[in-house]
Amino acid sequence: MSQHPQKGLQSCLVSASVDGLGKYFVYSLPEYAKTNSLSLGGLPYCIRHILECLLRNFDPTDLATQAHLNLFNSYTARAKSDLGAEINFWPGRIVLQDFTGVPVLIDLATIRDQLVAQGVTAETVNPQIPCHLIIDHSIQVDYWHTNDALEKNELLDFQRNKERYEFLKWADKAFSNLTIIPPNQGIIHQLNLERLSPVLLIDENKKLLYPDSCIGTDSHTTMINGLGVLGWGVGGIEAEAVMLGESVSLNLPQVVGVELTGDLAPGSSITDVALEITATLRKTGIVSKFVEFYGEGLNRLSVFDRATISNMCPEYGSTVAFFPFDEQVVDFLRLRGESEDKVTLVDRYFRSQYLYRDSSPVAYDQTISIDLAKISPLLSGPKKPHQKQSISTVAYAFNETLITAKDSGGYGLPFDTAMRESGLNHGDIVIAAITSCTNTANPRLMITAALLAKNAIEKGLKPKEHIKKSLAPGSVTVSEYLRRAGLLQYLEQLGFNIVSYSCSTCIGNSGPLLPKIEAEIKKNNLVVTSVISGNRNFEGRVHPLVKANYLTSPALVVAYSLLGTITEDITEAVFGYDKQGNSITLTDIFPKKEEVEALLKNLKMTGAIFAKTSANSEQVTLWENLTGNNGKAFSWPDSTYIKKSPFITMQTNSQINAEKILVSKANVLAVFGDNITTDHISPAGSISKNSPAGRFLKSKGTSVKELNTYGARRGNHEVMVRGAFANAHLRNLLCTKIEGNFTNHFPSMKQMSIYDAAENYKASSTPLIIIAGKNYGTGSSRDWAAKAVNLLRVKCVLAESFERIHRSNLVYLGVIPIEFIPDENFTTLGLKGDELFDITFSGEFTINKIVDISALGSEGKKTHFHGCCRVDTQQELRYYLAGGILNFLTSKLMK
């Protein structure tokens, strides 16, 4: 007997008979529109998904959900004044990766301890919706260019991360609704696309059908938008709240419609489209907006193509990059092996709910048109994903960047810098990596790269030995179809051996270069390059010694690895000579479009390829052999990897409404320019032996060889706070003559690490603020970029603008993000950084509160200005006043 859903707007609840399955309920969008005289046809499809979620979660006893639905009624009538007002969203699933997921589970385990101490059962703390944690961020490329690199890297990974993996093994058993996917099965977003997303969720208890949706603790969760599933990245602490029953709070977004027309020209790839879109939309400015794609160009884009575009959504700045459900999704479901009954059910549901894309016009808040036929082969770099360059002009642009001043985005080398006659030179490629789910999830891209390798081998071209090459597919599916096609061997012959099924080089796990290469780079202060098929290329991210990094398609990664440098025009370069003495150019080895399409057609990809989860049995054995705690509460070891969370303090900020003071007599810890990324704030890469974190670990008996990465150490706050701002290329305007984790301490004027300065301020009970320019916190969703700032005792971050996820993470950790009033900043106000700051307000502290800021300089100069507190929703305000989201959740569970 089916249970009638008790929650939701009952007036639009209808039943539907499903062949062979019985009767199910649906919250009908057409029924709701009919009852309320609304037009669904003009609504963006992503907004229709949000409306369905509001209907399904409507609570007649909750004034908030009533208000949200009334607001939505107004929105559907195109009342633009309602844009930006608060609504709630209840995702169907959560996906996590291990770098962000381990801190989440440590917080939950700590909350369990707090509750048990108060007499509450441990089982009170459990995810309330399905959660998958994929271990994909840990494996480093220590071995390469050999056929056993995969097994060797895997074994070393388990040795390095044994304590972390034992903790995750415990969590897999201790928490319900949580599934841990072991290392080396693939990358979170590719597995979400290929295996985890059902597209249509079925609640068997309530006999309820509704669209899949998810949030993920990784900014590239938007890759699932390519499957017609609404989802986006959040910080780990926001995911914890949703795990424990909270909704996602967001402002009703503007929706930017991006029209895609035409067809790709020969030689161009979907990677080029993604890079073109990234450059175009980043220039447009779409932070916190939704992007939805439309136009006749979508008819020729597979789900794989769409996923590549949606994956790079964080790089262009929007919250989502949504492709509506259509026949391409239906084809993909069949491809990955779904039953015909399931495919029919999904198709029928989306059609009946007006969620199936058709040619009807949609009223977007803004539109942008991109002609696919005009897009040429591209690279993006050398420092940001939106710095697109044509492959014919990138050599010239790089040479110009070498001598451009650092303040203008260059490398600041002397104008007369000469190339060396032997050894490495500026612009030489030292890393070439086919990596990241962005591109390895796409069979057309991977087949093209493998065919290029085949053509190069058959022409007699040889790999450049000084380049570290690697292949890290996003899932076992990739190597399966490459083997079936007989193409994997050609990539291997050029040195692109499989090193892991993980994020690898894309997230900075590139591992060491050859010692002689590293020594030469350091000795001659070389600006060497990497060419990767990833999604981010922030300076210092791929490898600390590699200052210039370029994003491109897998095929061009292979091509550039054969060329060996970025300083030559690859469209005119001679790669070598064949047996007849004829020169070999890019045109000679680049596969024809017809050749690629024919091979894809004959490949006959089936569900069996997608079903394979592991490349070898050894990996399964390593995971199964892990031992650990079996209790509901975790037994905390004496570990430099795993430590109880320090963020559940139960100290609130409720006093600010009485005191009217956010901060008093605060010093400036650091001043930054534009585009400070979360990689700058909390790096994921290798820990330097001479850094504050490195010195701390060595004092605990850790050898230099075992320091590992910051990402792997995120379970220990004592390491992570010392790793705050530990980016070798960080530029703090308080000490412009040196790069890295340094600042000036006031009033002593001594130069020291940012961590040491914060400790000195702590000794004198001095509160701190940070000042920055535009787009502060761009990049990854990592909440440690906010957690570390909290532990440094920073009370406010004052910036010209914030990236979406990092802004909310700051609020959730009790740090106030404050924006300068437009056209004001650190420079225009004449600030120096030696001032003492008072930040106060009048009346009650509310969302987007305008505050008074007074700065008293060391020479007595007073500067007064205003700022806007970017606490954007009532839910965020509740979390902040509670002293942070974890205190709020703990108090709620105790009650």
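The values are calculated or read from the model by the stated rules, or taken from the named source; none is laboratory data. Remember, predicted model here, so these are calculated numbers, not experimental data. Neighbour counts are summed over all protein chains in view; Cβ atoms, including those assigned to glycine, are modelled from backbone coordinates with ideal geometry. Surface areas here come from the heavy atoms of the whole protein model, side chains and all, with no ligands, DNA or RNA. Shrake-Rupley method; radii C 1.70, N 1.55, O 1.52, S 1.80 Å.
Distant-in-sequence amide contacts of LYS289, defined by a placed amide H-H separation under 5 Å and a gap of 5 or more residues or a different chain, comprise THR319.
In this structure, the amide hydrogen of ILE181, modeled 1.01 Å from its nitrogen in the peptide plane, lies closer than 5 angstrom to those of LEU133, ILE134, ILE135, counting only residues at least 5 positions away or on a different chain. Here region 444-498 and region 622-681 have alpha carbon centers that stand 42 Å from each other. Database remark: amide H of ALA670 closer than 5 angstrom to the amide H of ILE771 (H placed geometrically; neighbours at sequence offset of 5 or more, or on other chains; Pro and chain starts carry no H). Sorting the segments 843-854, 140-151, 445-456 by their mean number of nearby beta carbons within 10 angstrom, highest to lowest, gives 445-456, 140-151, 843-854.
Relative protection proxy for 192-199, 722-729, 224-231, from highest mean packing down: 224-231, 722-729, 192-199 (other beta-carbon atoms within 10 angstrom). Summarising the overall dimensions of region 146-304 from its C-alpha atoms, the Rg and Dmax are 19.5, 53 angstrom. Restricting the calculation to Cα atoms, the chain yields a radius of gyration followed by a Dmax of 26.7, 86 Å.
Highest first, please rank the peptides 662-668, 29-35 by the mean number of other Cβ atoms sitting within 10 Å of their residues. Before the final figure, lay out the partial values.
On the way: 662-668: 19.9, 29-35: 16.6.
Descending packing order for the listed peptides: 662-668, 29-35.
Report the one residue of PRO382, VAL362, PHE398 whose Cα lies farthest in the direction of the positive end of the charge dipole of region 356-456 (charges on C-beta: Lys and Arg +1, Asp and Glu -1; origin at the Cα centre). Looking along the dipole axis, the top candidate is VAL362.
With Cα atoms defining each centre, region 231-286 and region 166-206 are spaced 23 Å apart in the structure.
Return the carbon/sulfur percentage of the accessible area of region 240-342, one whole number, probe 1.4 Å, all protein chains in place.
47
If the Kirkwood radius is taken over C-alpha pairs of region 659-779, then at 20 °C and 1.002 mPa s the Stokes-Einstein diffusion coefficient equals 141 µm²/s.
Taking only the C-alpha atoms, wrap a convex hull around region 304-364 and report its volume per residue in Å³ as a whole number. Write out the running numbers ahead of the final one.
On the way: hull volume 6.4 nm³, N = 61.
That works out to 106 Å³ per residue.
Placing +1 on each Lys and Arg Cβ and -1 on each Asp and Glu Cβ, with no other charges, gives region 448-542 a dipole about its Cα centre of roughly 100 debye.
Among beta bridges identified by DSSP and lying wholly in the chain, the antiparallel ones come to about 45 percent.
What area, in nm² and to one decimal, does the C-alpha convex hull of region 720-830 cast on average over all directions?
Details: hull surface 28.3 nm².
The number I arrive at for region 720-830 is 7.1 nm².
The residue list SER635, ALA85, LEU108 was ranked by how far each Cα lies along the charge dipole of the chain toward its positive end, using unit charges on Cβ atoms, and SER635 comes out on top. Work out the charge dipole of the chain with +1 on the Cβ of Lys and Arg and -1 on the Cβ of Asp and Glu about the Cα centre, then indicate which of CYS868, ASN57, ASN790 is farthest towards its positive end. Going by the charge dipole, the pick is ASN790.
Across region 712-728, rounded Karplus estimates of 3J(HN,Hα) from the backbone phi angles (6.51 cos²θ - 1.76 cosθ + 1.60, θ = phi - 60°) give 6, 9, 5, x, 10, 5, 5, 6, 5, 5, 6, x, 4, 6, 8, 9, 4 Hz, Gly and Pro being marked x.
The charge dipole of the chain, taken about the Cα centre with unit charges on the Cβ atoms of Lys, Arg (+1) and Asp, Glu (-1), comes to about 1360 debye, rounded to the nearest 20.
Taking only protein heavy atoms into account and a 1.4 Å probe, give the accessible area per residue of region 240-389 in Å². Show your work: numbers first, answer last.
Details: 4700 Å² over 150 residues.
Here the residues of region 240-389 average 31 Å² of exposed surface.
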